[in-house]
Amino acid sequence: MQLVVARIGRAHGIKGEVTVEVRTDEPELRLGPGAVLATEPATVGPLTIETGRVHSGRLLLRFEGVRDRTGAEALRNTLLIADVDPAQMPEEPDEYYDHQLMDLDVVLADGTEIGRITEISHLPSQDLFIVERPDGSEVMIPFVEEIVTGIDLEEQRAVIDPPPGLIDDSEAEIASSRDAEDEN
């Protein structure tokens, strides 16, 4: 099975290094020197990591055969994809691969069905579950401990405790400074 582990960003310097947006909790395992990664678009790869280092909090990689800024810039926005055994589990017990979460039923703690996870969006600040509701609409649920209270892979479900308004707009609490002024 294939997992997206990074997205190549801009070129760094003149010797072929690129910044990467890491999309794995195990970069030392997936993005180490010698790793051979498939790419999207496929015509760019496969790419073999020659060197990697952290500079100012960002991971910089250089690939075999890429020796200058022009070559590095040509890789911008390419997704790096690693082959992973589907039975392999992340090292931490509360970590999951995207393929493990896809198609899980999303329910409230009392068992009320919310929908099914159809997509996982990886944003800089947090990950989001894109959940398709039974009526065909979609709702985005932040994948944070305060909201997603449990993942049960055996039961194929994610249990959530959403704040008011996340699932049902009619429950939304309006909090604005104007409301406080109107009450006075």
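The listed peptides 150-161, 12-23, 130-141, ordered by packing as a protection proxy, come out as 12-23, 150-161, 130-141 (highest mean of other Cβ atoms within 10 Å first). Computed on region 1-138, with alpha-carbon pairs under 8 angstrom and 6+ residues apart, the relative contact order is 23 percent. For region 13-165, with all protein chains in place and a probe radius of 1.4 Å, 48% of the accessible heavy-atom surface sits on carbon or sulfur. Over all directions, the projected convex hull of the C-alpha atoms in region 46-143 averages 9.5 nm² in area. The eigenvalues of the Cα gyration tensor, multiplied by 5 and square-rooted, give the chain an equivalent ellipsoid with semi-axes of 38, 22, 14 Å from largest to smallest.
Accessible surface of E28, taken over heavy atoms with a 1.4 Å probe and every protein chain present, rounds to 130 Å². Computed about its Cα centre, the charge dipole of region 1-112 is approximately 1040 debye, with only Lys, Arg, Asp and Glu carrying charge at their Cβ. Tally Lys/Arg at +1 and Asp/Glu at -1 over every other residue whose Cβ is under 12 Å from the Cβ of S121; what's the total? Residues close to S121 contribute a combined charge of -3. Per residue, the chain exposes 61 Å² of accessible surface when a 1.4 Å probe is rolled over the protein heavy atoms with every protein chain present. Summing charges over all other residues whose Cβ lies under 10 Å from the Cβ of R133, with Lys and Arg as +1 and Asp and Glu as -1, gives -3. The relative contact order of region 1-53 comes to 25 percent, based on Cα pairs under 8 Å that sit 6 or more residues apart. Sorting the Cα pairs of region 34-84 by distance into bins of 5 Å, from 0 upward, gives 5, 19, 28, 31, 14, 3, 0 percent per bin.
The values are calculated or read from the model by the stated rules, or taken from the named source; none is laboratory data. Only a predicted model underlies this, so the values are computations on that prediction, with no experimental measurement involved. Using ideal geometry, Cβ is built from the backbone for each residue, glycine included, and neighbour counts are taken over all protein chains shown. The accessibility values were calculated without ligands, DNA or RNA, using every heavy atom of the protein model including side chains. Shrake-Rupley method; radii C 1.70, N 1.55, O 1.52, S 1.80 Å.
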